[in-house]
1. Can you tell me what share of the DSSP beta bridges in the chain is antiparallel? A percent to the nearest 5 is fine.
2. Starting at the first residue of the range 49-65, write each ³J(HN,Hα) from the Karplus equation 6.51 cos²θ - 1.76 cosθ + 1.60 with θ = phi - 60°, in whole Hz, x for Gly and Pro.
3. Stretched out fully, how many nm does the piece from SER62 to THR121 gain, at 0.36 nm a residue minus the Cα gap?
4. Could you name the lysines in cross-link range of LYS116, using Cα to Cα under 18 Å and dropping any fewer than eight places away on the same chain?
5. In whole percent, what relative contact order does the range 28-82 give with Cα contacts below 8 Å and a gap of six or more residues?
6. Average projected area of the Cα convex hull of the chain, in nm²?
7. Below 8 Å, C-alpha to C-alpha, sequence gap of six or more: please give me the relative contact order for the chain in percent.
8. For a paramagnetic label modelled at 7 Å from the Cα of GLN4 toward its Cβ, which residues of the range 14-50 fall within the zone defined by backbone nitrogen distances under 17 Å?
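Just so it is clear, none of the values below were taken in a lab; they were calculated from the coordinates. Predicted, not measured: the structure shown is a model, and the values here were computed from it. Cβ coordinates were reconstructed from backbone atoms using ideal geometry, including for glycine residues, and neighbour counts include every protein chain displayed.
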Amino acid sequence: VQLQASGGGLVQAGDSLRLSCAASGRTFSSDVVGWFRQAPGKEREFVAIISWTGGSTYYVNSVKGRFTISRDKNTVYLRMNSLNPEDTAVYYCAAGKPVSYSDYESIMRGMDYWGKGTLVTVSS
């Protein structure tokens, strides 16, 4: 599976942005596709995932109500509203078959395919 993320940029606090992730190859080899982010000086963290088939979604608490993950064929989107400086990070899309969805770390460990990131910078 090849993943290509795009859509990052510099925005102001309160603005919106939409990230896109184009997937190609053996997408059927994964159950879910999602977004993760890594802020400067911090570890990579889970943001949101969506299943390829049923459209089920799951979000980290800090973005619930502000971010929306969606899918259209082999492209996955992350609509980000009400952005704040704490959302500044490199955003990565990834796909995989997590063995467990019990916690964010388990989900991240289950991602087998990663794309290059796209930088989102939110100024105050």
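1. Of all bridge pairs located within the chain, approximately 90 percent are antiparallel.
2. 9, 9, 7, 5, 9, x, x, 4, 10, 8, 10, 6, 4, 5, 10, 4, x
3. Values: separation 59, 0.36 × 59 = 21.24 nm, distance 1.70 nm.
Fully extending the segment from SER62 to THR121 adds 19.5 nm.
4. LYS42
5. Over the range 28-82, the number comes to 26 percent.
6. Value for the chain: 6.7 nm².
7. 35
8. Correct set: 19-27.
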